[in-house]
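Notes to accompany the following structure.
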Amino acid sequence: MKIFSQTDSRTFPVQSLTADLIVAGGGLAGLCAALAAARDGLAVVLIQDRPVLGGNASSEVRLWANGATSHMGNNNRWAREGGIMGEILEENLWRNKEGNPVMFDLVLLDLAKSQPGLTLLLNTAVYAVDREGSRITGLQAFNPINETFYQVSGTQFCDATGDGVLGYLAGAEFREGAEAADELGEKMAPGDNFGHKLGHSIYFYTKRTDGPVNFVPPSFALDDITAIPRYKRLTSTLNGCDLWWLEWGGRLDTVYESETIKWELWRIVWGVWDYIKNSGEFPEAENMTIEWVGAIPGKRESRRFVGDHLLCQQDIIEQRDHYDAVAYGGWSIDLHPADGVYSTHDGCRQFHSKGTYTIPLRSLYSRSLDNLFLTGRLISASHVAFGSARVMCTCGLLGEVVGRAATLCHRQTLTPHELASPDRVGALQQHLQASGCYIPRQWLDDPARSARVSASSELELQELPASGEWYPLAERMAILLPVKAGETLPALTFRLRSDSPQTLTLTLLGSLKPGNFTPEETHARSQIRIADEGEYTCDFNWRSDRDQYVFVAFDACEGVSIALTRSAPVGIMTVFNSLNARVAKHTRQQADGDYGVDEFDFWLPRRHPNQIMPAMRFGTLLRCYGAENLLNGRLRPEQQTNAWVPAADDTAPVVRWRWPEPQRISALTLLQDNDFDNAMETVQMGHHAPVTPHCITHYRLWADDTLVAEVTHNHHSLCHHRFDTPLNAREIRLEIVATAGALPAVYSLNVR
Ligand SMILES: Cc1cc2nc3c(=O)[nH]c(=O)nc-3n(C[C@H](O)[C@H](O)[C@H](O)COP(=O)(O)OP(=O)(O)OC[C@H]3O[C@@H](n4cnc5c(N)ncnc54)[C@H](O)[C@@H]3O)c2cc1C
């Protein structure tokens, strides 16, 4: 037993820590920043004021992390974030394909806890900052659970708190609300009627029970449901993220009035549930109860800090490629009315760009201070651009960029501004890609130190054999095929049948911008007269002047069906001119006013297991999986498949990287396929399988005749191998033992 005598006063203990990088805020942005820097060898402290990591993606708020794949509802193909954000999505798919938010917490906590060099302070809030001149030198934080103050000093800082606590306290320049349209020429800039800021939301989960459940609303519940103009959209089955539009507070101060907003959201939530349970409109809700309600609101928008570049609408819509592009986004510009759930406007106004856009390093640090990186939703972006860049996988990607940028600044004693200069930023772009981060329209220089590469075989496509299944051509459908510069698209033979004689029209379409998958040009047209079931050939006889994907598009044709195959070659897919109601209103993007956006058709894939592929025969072999792809530094399908794939009858696929002289190798990063088109939303939605079919699940790496790594049960596209004692070898050999069911596909082996 301990007895403590009376005293005049007491203070809580102070613990001092020092780090190379201090990250405030443990949402996906902050976590990825901390992991990246720690993996690069920096001493990192990550400070998070909540008991779990993930911010809005955590079980405390329960939003599904989205990014450039946009629920697979726009034209961004193979756009899932790579690097650490990709690793998180893949790990969550593997452990938690059902989308349980508590399991997602566990994935994040496990990653942080097992990372050497990373000190994690949970339940700890940053509340003060020390500054000398234009540098932050330290910060203070407090954990009320262990009653401990922390004094954390360091050389570099990263604000990932969402609200920008660090930048605010350090006096950095910031903005709130929307820019006027004429400031940056942004036609989507909202007027006062729509409002200038997005609000908070609170979600709830419901569950079915064995018997009737009574619900007595609290005194503060909304009692007139008609106060919500869209109340007729409520159903008893809506859950979690489906309720994103229970939003409010955009006209208030979203930092200082956050508690007021939360109470109003609780009022709304309980009013909605009262309506569902007690109005009599939903008899099926009798045997239902609430399983969970958010106790803290999800915050969308507050402070945005100012860097050397303010990302704006035109950067996104025109898909500008900045000289210092270090990351990318692909969510629509998604603005919400400030009155939220009480607004008579739609819950959101979304406009997509024709493909992914890049984000410059100059938007990822404060121009007011010499050592403050910005990441997550507070980066240097206009209100309109924030409307797209704010989604969490984009934030996670930006986190990794900042973590790796901090490494280079640390090693070379640079400020972020200096690193962003045209002659220096290339080093960061290369470092990011060598670590497995994809940057659109860029490539890794010489991934394998000028090695010669050879493979046991290469897949050459002659035929995708029919499986016996048929698919009616009831809507416009296209096959995405790669064509190389100077080559002619092979004649394509399909198996078709029709109830009555019909003429089927096929169109060959292409995108104007390299790497886009929005068809804007018509290259050729062809018609097939279908009478009986049989094989029909379409030969566009069209030669490509550049490496690119083309769309072989079938018009809808009443009564006509096409034979399908079970083959699903990497980098070839079927898309449909269709609609994903989560992110669009029509099969074509149309603007109901002059918003400075493009009009174009959406061509969308289907999610596994509902994706299909027509059976076909190629007039000449389609050679798009050569081993030379392993050396082009392109890390996923873009203008070509960029993958090496072995022949289907190769039972022991092997690739060799050889050098004339022995190489000293300290790390190998294998980048292989785990279907970068598959949006792996983190919670609620659920997914078909824990790993995608092409993923290599079992492989061996040899350095000359020494086995240096054998990995079983792999489920990642990015596999890092570091060697404490560097290897000395003339040859690295990859032996593929097993995949998750389909042919493997490898993009690169990065040798360091
Ligand atoms: C209701 C809603 C719906 C949304 N829908 C989606 C969606 O479907 N998909 C999607 O991807 N995005 C969605 N977004 C956007 C997205 O959630 C945010 O933009 C994103 O969470 C920003 O990530 P972040 O890491 O910057 O911030 P956050 O996720 O907010 O994480 C910041 C963390 O920092 C912590 N913190 C704050 N202050 C301090 C401090 N003083 N000290 C220490 N820690 C601190 C916070 O507690 C928090 O955990 C939505 C947002 C909201 C609110």
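The values are calculated or read from the model by the stated rules, or taken from the named source; none is laboratory data. Quick caveat, the model's predicted, so the values are computed rather than measured. Using ideal geometry, Cβ is built from the backbone for each residue, glycine included, and neighbour counts are taken over all protein chains shown.
Among (1) in contact (Cβ under 8 Å) with a residue 12 or more places away in the chain; (2) under 22 Å from His200 (Cα atoms); (3) away from the ligand (no atom under 14 Å from the Cβ); (4) part of a helix (DSSP H, G or I), where does Ile261 come up short?
Among (1) in contact (Cβ under 8 Å) with a residue 12 or more places away in the chain; (2) under 22 Å from His200 (Cα atoms); (3) away from the ligand (no atom under 14 Å from the Cβ); (4) part of a helix (DSSP H, G or I), Ile261 violates only (3).
Among Asn74, Asn92, Asn66, Asn123, which is the only one that is assigned to a helix (DSSP H, G or I) and either within 16 Å of the ligand (Cβ to nearest atom) or within 30 Å of Gly510 (Cα to Cα) (or both)?
Asn92
When both residues are 6+ apart or on different chains and their Cβ atoms are under 6 Å apart, which pairs have a first residue that lies in region 293-318 and is of a type in the set (Val, Ile, Thr), and a second that is near the ligand (Cβ under 9 Å from one of its atoms)?
Ile296/Glu60
For region 77-89, how many residues are in a loop (DSSP other than H, G, I, E, B) and either within 12 Å of the ligand (Cβ to nearest atom) or β-branched (Val, Ile, Thr) (or both)?
Selection size over region 77-89: 1.
Across region 286-319, what is the number of residues that are assigned to a helix (DSSP H, G or I) and either within 16 Å of the ligand (Cβ to nearest atom) or surrounded by fewer than 23 Cβ atoms within 10 Å (Cβ to Cβ) (or both)?
4
Scan region 367-400 residue by residue and report those that are more than 9 Å from the ligand (Cβ to nearest atom), under 18 Å from the mean Cα position of the chain (by Cα) and within 13 Å of Ile333 (Cα to Cα).
Selection gives Ala385, Gly387, Ser388.
Only one of (1) at pLDDT 95 or above; (2) under 30 Å from Ser388 (Cβ atoms); (3) touching a Lys or Arg at 6+ places or on another chain (Cβ under 9 Å); (4) loosely packed, with under 13 Cβ neighbours inside 10 Å is not met by Thr503, so which one is it?
For Thr503, the exception is condition (2).
Residue pairs, Cβ under 7 Å, 6 or more apart or interchain, first in region 2-14 and within 18 Å of Gln151 (Cβ to Cβ) and touching a residue at least 12 places away in the same chain (Cβ under 8 Å), second of a type in the set (Asp, Glu) and in a loop (DSSP other than H, G, I, E, B). List them.
Final answer for the pair search is Phe12/Glu147.
Looking at region 29-63 only, could you name the residues that are small (Gly, Ala, Ser), more than 8 Å from the ligand (Cβ to nearest atom) and within 18 Å of Leu374 (Cβ to Cβ)?
Answer for region 29-63, where residues must be small (Gly, Ala, Ser), more than 8 Å from the ligand (Cβ to nearest atom) and within 18 Å of Leu374 (Cβ to Cβ): Ala33, Ala34, Ala36, Ala37.
Ile145 is checked against (1) in contact with a strand residue (DSSP E or B) (Cβ under 6 Å, 6 or more places away or on another chain); (2) within 14 Å of the ligand (Cβ to nearest atom) and fails just one. What number does that condition carry?
For Ile145, the failing item is (1).
From (1) more than 30 Å from Gln313 (Cα to Cα); (2) surrounded by fewer than 21 Cβ atoms within 10 Å (Cβ to Cβ), pick out the condition that doesn't hold for Gly593.
All conditions are met except number (1).
Residue under question is Val654, and the condition is that it be touching a Ser or Thr at 6+ places or on another chain (Cβ under 9 Å), modelled with pLDDT of 95 or more, β-branched (Val, Ile, Thr) and over 26 Å from Ile84 (Cα atoms); does it hold?
yes
What's the total number of residues in region 627-669 that are part of a loop (DSSP other than H, G, I, E, B), within 30 Å of the chain's Cα centre (by Cα) and crowded, with 19+ Cβ neighbours inside 10 Å?
Of the residues in region 627-669, 13 are part of a loop (DSSP other than H, G, I, E, B), within 30 Å of the chain's Cα centre (by Cα) and crowded, with 19+ Cβ neighbours inside 10 Å.
Mind listing whichever residues of region 14-28 are more than 18 Å from Asn143 (Cα to Cα) and either within 13 Å of the ligand (Cβ to nearest atom) or not acidic (Asp, Glu) (or both)?
Ala19, Leu21, Leu28, listed by residue number.
Across region 555-589, which residue is nearest to the chain's Cα centre (by Cα) among those that are of a type in the set (A, V, I, L, M, F, W, C) and either within 28 Å of Ile317 (Cα to Cα) or outside the structural domain of Val483 (by TED's automatic domain parsing) (or both)?
Within region 555-589, the match that is nearest to the chain's Cα centre (by Cα) is Val583.
Surrounded by 21 or more Cβ atoms within 10 Å (Cβ to Cβ) and outside any loop (DSSP other than H, G, I, E, B) - does that describe any residue in region 5-17?
no
Just to be sure I understand, how many residues within region 457-501 are under 20 Å from Ser567 (Cα atoms) and either part of a strand (DSSP E or B) or touching a His at 6+ places or on another chain (Cβ under 8 Å) (or both)?
So the answer is 23.
Just to check your reading of the model, which residue among Gly240, Gly249, Gly211, Gly185 is out of contact with any Pro (no Cβ under 6 Å at 6 or more places or on another chain), among the small types (Gly, Ala, Ser), within 16 Å of the ligand (Cβ to nearest atom) and modelled with pLDDT of 95 or more?
Gly249
Among the helices (runs of 4 or more DSSP H) confined wholly to region 356-448, which include 1 or more residues that are at pLDDT 95 or above and polar (S, T, N, Q)?
Where helices (runs of 4 or more DSSP H) fall fully within region 356-448 and carry at least 1 residues being at pLDDT 95 or above and polar (S, T, N, Q), they are 383-389, 392-412, 425-434.
Can you tell me how many residues within region 320-349 are surrounded by fewer than 24 Cβ atoms within 10 Å (Cβ to Cβ) and assigned to a loop (DSSP other than H, G, I, E, B)?
Number satisfying all stated conditions: 13.
In the set Thr226, Thr206, Thr254, which member is at pLDDT 95 or above, more than 29 Å from Asn100 (Cα to Cα) and either within 28 Å of the chain's Cα centre (by Cα) or in a helix (DSSP H, G or I) (or both)?
Selected residue: Thr226, the only one of Thr226, Thr206, Thr254 that is at pLDDT 95 or above, more than 29 Å from Asn100 (Cα to Cα) and either within 28 Å of the chain's Cα centre (by Cα) or in a helix (DSSP H, G or I) (or both).
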